Amino acid sequence: MAFDSLQERLTKTIRNIQGKGKLSERNMEETLEEIRVALLESDVNYKVVKDFLERVRLESIGQDVLNAIEPGQLLVKIVHDEIIKLLGDDDNSLNLNPNGLTKIMMVGLQGTGKTTQAGKLANLLKKQGKKVLLVAADTIRPAAIEQLKTLGESINVEVYSEGIEVKALNQAINALDYANKNNFNVMIVDTAGRLQIDEVLMQELKDIKDAIKPEEILLTVDALTGQDVVNVASAFNDLLQVTGLVLTKFDGDSKGGSALSVKAVTGVPIKYTGVGEKISDIEEFHPDRLAQRILGMGDVVSLVEKAQEEIDLKKAENLTKRLLAGKFTLDDMLTSIEQSSKLGPISGLMKMVPGMGDLAGSVNDEDANRMLKRTKAIIQSMTPAEREDPSFMRGSHKRRVAAGSGTTVDEVNKVINNYEKSKKVLGSFKNMFAGMSGMFK
Ligand SMILES: Nc1nc2c(ncn2[C@@H]2O[C@H](COP(=O)(O)OP(=O)(O)OP(=O)(O)O)[C@@H](O)[C@H]2O)c(=O)[nH]1
Ligand SMILES: [Mg+2]
């Protein structure tokens, strides 16, 4: 598997430093040097390595690693966080068009896995309930069209093709028309590869891009090609403004350095990894998971986070118990707000609720988050007694809370009203449960 040797080396280095109660400047430097060598030997681009270590060093000074209680652990955390930054800690999900057809173009050098990933992606999106069209815009080889058709058949996805006589560009344009008329949600255009980046290929891709205006241009790069991935990705990106990378053959024994370099050099995020030849062998790319795997020590890194989670779990359990007992205070409301805001953006949550998916696009996450934050601030500004029962709060109390939370009396009233409403709803649930259990007695 990719990264095995890098993981082995880093783990050794880190176990080493963790054992030390106190770090000196010298063994800190030694550790950084070991990390440097490990990264370089894993084919990480030298410039990326240099910048990376510079940031780790700065961060270590900033967080005063040498004087920390657990210097080794803190250093691990810093390295971990910097790896995530290297891999891109922003949103790696597909850019789907909320108002209609999403066009995805697969591009890349010959044999990197365009056609295979097109099929995998079609399968993935179909499972998410999308109506998907595969488009065979590789008209160089008849076999390429057959390959896509076979793939499409195996997953029950329609394949659009006019054979090898019609130009790829024209087929893409016709397919776009066809997809729009037949209410497809996604069309994935498979294009022809070449041995090297040549002008004819690039022009054809550019023409297709200009004609169909894809939301996503996904470049497949073969993880086994090592350092060259960075050059290929840069070249494609310069010409086509690639929106995402699919790192294929990640299951092979590539050293993985390409994955670590390519985002840093090109700015293009890795969106998926291909991890085998089967249709299901595709994974969404999660920088944090990969960082943990590379460091081979989820244990240390998540130490703090774990502790945090356990507290959350206890809180959630308590909340459920209180609800079932018919108790619900503003403190409980605060807990449930905190829990739900950890689940991710509101629109994402709504997408998961049956029947709400269409509405998700209209919810503004920023507004929702701001509202949640203000609600939290208001509750936190109340006294324990007020949180227990806000019904006796007078104007002067509300003014104090508004001032304390940087909000208005109006907003304080709204929070209290929402609370009273929620309490009523919960109360009726409780009665309903009581009634139902009565029926079975
Ligand atoms: N192990 C492994 N093999 C893969 C993966 N993705 C694709 N392959 C294999 O790589 C070979 C090439 O894949 P294709 O999808 O045909 O590549 P392509 O980019 O469409 O190739 P051309 O159309 O000829 O340019 C096939 O044998 C695939 O089975 C992967 O993630 N892991
Ligand atoms: Mg192909």
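Using heavy-atom solvent-accessible surface (probe 1.4 Å) with all chains present, what is the largest-first order of 263, 22, 85?
Numbers: 263 35, 22 130, 85 105 Å².
Most to least solvent-accessible, the answer reads 22, 85, 263.
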Open item on the list: Please list, in order along the stretch 136-151, the HN-Hα scalar couplings obtained from phi with the Karplus expression 6.51 cos²θ - 1.76 cosθ + 1.60 (θ = phi - 60°), rounded to whole Hz, x for Gly and Pro.
Closed with: 8, 9, 9, 9, 6, 10, x, 4, 5, 5, 4, 4, 5, 4, 4, 4
- [ ] Kindly write out, for the stretch 275-283 in residue order, the coupling ³J(HN,Hα) from the Karplus curve 6.51 cos²θ - 1.76 cosθ + 1.60 (θ = phi - 60°), rounded to whole Hz, with x marking Gly and Pro.
- [x] 10, x, 8, 6, 4, 8, 7, 9, 10
Open item on the list: On a 1.4 Å probe surface of the protein chains, which of 286, 80 comes out largest in accessible area, and what is the full order?
Closed with: 286, 80
Open item on the list: Sort 89-101, 379-391, 235-247 by packing, meaning the average of other beta carbons within 10 Å per residue, with the highest value first.
Closed with: 235-247, 379-391, 89-101
Task: Scattering curve values for the stretch 82-186, log₁₀ I(q)/I(0), Debye with Cα scatterers, q = 0.10, 0.17, 0.23 Å⁻¹ - done: -0.31, -0.82, -1.33
Task: Label-point separation in nm, residue 182 to residue 41, each point 7 Å along Cα→Cβ - done: 5.4
Task: Charge context of residue 272, other residues only, Cβ under 9 angstrom, K/R +1, D/E -1 - done: 0
Open item on the list: Skipping prolines and chain starts, which residues have an amide H placed within reach, meaning under 5 Å, of the one on residue 137, given they are 5 or more residues away or on another chain?
Closed with: 190
Open item on the list: If you take every residue apart from residue 186 with its C-beta less than 11 Å away from the C-beta of residue 186, what net charge results, scoring Lys and Arg +1 and Asp and Glu -1?
Closed with: +2
TODO: Starting from one equal scatterer on each C-alpha and no solvent at all, send me the Debye-based log10 I(q)/I(0) for the stretch 4-89 at q = 0.12, 0.22, 0.24 Å⁻¹, two decimals.
DONE: -0.32, -1.11, -1.31
- [ ] Quickly work out the residue 399-to-residue 413 label distance, labels modelled 7 Å from Cα along the C-beta direction, and quote it in nm with one decimal.
- [x] 1.5
Task: From phi via Karplus (6.51, -1.76, 1.60), per-residue ³J(HN,Hα) for the stretch 207-212 in Hz, x at Gly/Pro - done: 4, 5, 4, 4, 6, 9
TODO: Measure up 131/373; 127/249; 103/149 against 30 Å on the Cα-Cα distance and list the ones that go over.
DONE: 131/373
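Kindly rank 120-127, 418-425 from highest to lowest mean number of other beta carbons found within 10 Å of each residue.
Details: 120-127: 20.5, 418-425: 13.6.
Ranking the peptides 120-127, 418-425 by packing returns 120-127, 418-425.
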Task: Spherically averaged projected area in nm², based on the convex hull that wraps the Cα atoms of the stretch 102-285 - done: 9.2
TODO: Note down the relative contact order for the stretch 205-300 as a percent, whole number, built from C-alpha pairs under 8 angstrom at least six residues apart.
DONE: 24
Open item on the list: Sorting check: for 270-282, 142-154, which peptide has the highest mean count of neighbouring beta carbons within 10 Å, and how do the rest follow?
Closed with: 270-282, 142-154
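Go through 411, 165, 8 and list them by solvent-accessible area, largest first, probe radius 1.4 Å. Mind dumping the intermediate values first?
On the way: 411 50, 165 155, 8 130 Å².
The most accessible residue leads, giving 165, 8, 411.
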- [ ] Treat each spin label as a single point 7 Å out from the Cα along the C-beta direction, and report the residue 30 to residue 241 distance in nm.
- [x] 5.1
- [ ] Would you please give the residues with an amide H less than 5 Å from that of residue 162, counting only those at least 5 places away or on a separate chain, with H modeled from the backbone geometry?
- [x] none
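If you take every residue apart from residue 200 with its C-beta less than 13 Å away from the C-beta of residue 200, what net charge results, scoring Lys and Arg +1 and Asp and Glu -1?
Details: positive: 167, 194, 206; negative: 198, 199, 204, 207.
Taking every other residue near residue 200 into account, the sum is -1.
How much of the accessible area of the stretch 124-185, probe 1.4 Å, is carbon plus sulfur, in whole percent?
Details: 1630 of 3370 Å².
That fraction is 48 percent.
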TODO: Using only protein heavy atoms and a 1.4 Å probe, report how much of residue 64 is accessible, in Å² to the nearest 10.
DONE: 70
Task: Heavy atoms of residue 367 accessible to a 1.4 Å probe, total area in Å² rounded to 10 - done: 80
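Gain in length, residue 66 to residue 85, computed as 0.36 nm per residue apart minus the alpha-carbon separation, to one decimal in nm?
Values: separation 19, 0.36 × 19 = 6.84 nm, distance 2.29 nm.
Residue separation times 0.36 nm, minus the Cα-Cα distance, leaves 4.5 nm.
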TODO: For the stretch 26-56 and the stretch 202-234, write down the distance between their C-alpha centroids in whole Å.
DONE: 29
Open item on the list: Using only the Cα atoms of the stretch 1-160, what semi-axes does the equivalent ellipsoid have when each is the square root of 5 times a gyration tensor eigenvalue? Give whole Å, largest first.
Closed with: 47, 18, 13
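The values are calculated or read from the model by the stated rules, or taken from the named source; none is laboratory data. Everything quoted here is computed from the prediction, not taken from an experiment. No Cβ is skipped: glycine too gets one built from the backbone with ideal geometry, and neighbour counts run over all protein chains shown. SASA here: full protein model, heavy atoms, side chains in, ligands and nucleic acids out. Shrake-Rupley method; radii C 1.70, N 1.55, O 1.52, S 1.80 Å.
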